[in-house]
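Have a look at the structure below before the remarks.
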Amino acid sequence: MFHRTTEQESLYDGLENKSTRELLADINREDQKVALALQDCIPQIEKVVDAVYDKMKDGGRLFYIGAGTSGRLGILDASECPPTYGVPFDWVIGLIAGGDAAIRKAVENAEDSRDAAWQDLSAYGINEGDVVIGIAASGTTPYVIHGLKACNEKDIVTACITCNLGSPVANEARLAIECVVGPEYVTGSTRMKAGTAQKLILNMISTSVMIKLGRVRGNRMVNMQLTNEKLVNRGIEMIMLMGKVDRAEAAELLSKYGSVKEALAKIT
């Protein structure tokens, strides 16, 4: 029988009577459990990373689908890939139940739709060359479950990130990441530990895939977009360090080629 750990009663009570220091210490104590729980999921995450890489190295795309906090976390991760790794904006795509309006304000009943996720994915011409990762802390979100089911029927690789064992979402996904972090500090508030776990897992997936795709050299973001003064300076410093040139030459190279990776290719 499926049991939702995410809905278990908090280990703490009388929260309204605690001091600020007590509240913060309690929350921090619970947050420390997340990284430990994540250790047990590394083999599951590894399978997802390898599956995503196998598709993306051949030009496939990565889609995240979710509702509420889970959907917002997927959009956050997707939106950070282009500036960090210089990939096209349509290469990693985050979709949320209720559409873009739901990023800032909850859209009533959007997560209960059984058809919306496939409609949202279809708008991007999704195909068997892509991968879809469903994100659902509870593992019971209809938008995600039926989105994955539709993808499976079209022979599209599916995966999921959830914080309960044996959930409907995990049963639907071909590759399941089940990170059980235990009850939340505020009972049922999965934006807390479950949300933190999801964010960490998304970081691990996208970062590992981008490294495997050659978007990192050494430990540097050589493909990053130079969109502000801070990043331009970072780019100059990368060229100085990795290309063993002075600042003036590094700045000239970056200005000429517009890319750290391209500049380094000319001198190393």
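From the list ASP100, ASP120, ASP130, ASP77, the lone residue that is touching a helix residue (DSSP H, G or I) at 6+ places or on another chain (Cβ under 7 Å), more than 16 Å from THR207 (Cα to Cα) and among the charged types (D, E, K, R) is ASP130. Put simply, of LYS212, LYS244 the only residue that is basic (Lys, Arg), over 28 Å from ASP130 (Cβ atoms), out of contact with any strand residue (DSSP E or B) (no Cβ under 7 Å at 6 or more places or on another chain) and surrounded by fewer than 18 Cβ atoms within 10 Å (Cβ to Cβ) is LYS244.
Select the helices (runs of 4 or more DSSP H) contained entirely in the stretch 37-123, then report the ones holding at least 1 residues which are out of contact with any Gly (no Cβ under 9 Å at 6 or more places or on another chain), assigned by TED's automatic domain parsing to the domain that holds THR162 and in contact (Cβ under 8 Å) with a residue 60 or more places away in the chain.
Working: elements: 42-56, 68-85, 116-122.
Ranges flagged: 42-56, 68-85.
Could you list, in sequence order, the residues of the stretch 226-241 that are of a type outside the set (A, V, I, L, M), free of Cβ contacts under 8 Å to residues at least 40 places away in the same chain and either surrounded by 15 or more Cβ atoms within 10 Å (Cβ to Cβ) or closer than 20 Å to ARG215 by Cβ (or both)? Working first, answer last.
Residues of the stretch 226-241 that are of a type outside the set (A, V, I, L, M), as a first pass: 227-230, 233-235, 237.
If we keep only those that are free of Cβ contacts under 8 Å to residues at least 40 places away in the same chain as well, we get 228-230, 233-235, 237.
Hits for the stretch 226-241 are ASN228, LYS230, ARG234, GLY235, GLU237.
Total residues in the stretch 146-169 satisfying the condition of being assigned to a helix (DSSP H, G or I) and buried (at least 24 other Cβ atoms within 10 Å of the Cβ): the figure is 4. Listed by first and then second residue, the pairs linking a residue in the stretch 252-268 that is outside the structural domain of THR84 (by TED's automatic domain parsing) to a residue that is loosely packed, with under 12 Cβ neighbours inside 10 Å and of a type in the set (D, E, K, R), with Cβ atoms under 8 Å apart and 6 or more places separating them unless they lie on different chains, are LEU253/LYS266; TYR257/LYS266; ALA263/LYS256.
The values are calculated or read from the model by the stated rules, or taken from the named source; none is laboratory data. As the structure is a computational prediction, the values presented were derived from the model and not from experiment. As a convention, Cβ positions derive from the backbone with ideal geometry for all residues, glycine included, and neighbour counts pool all protein chains shown.
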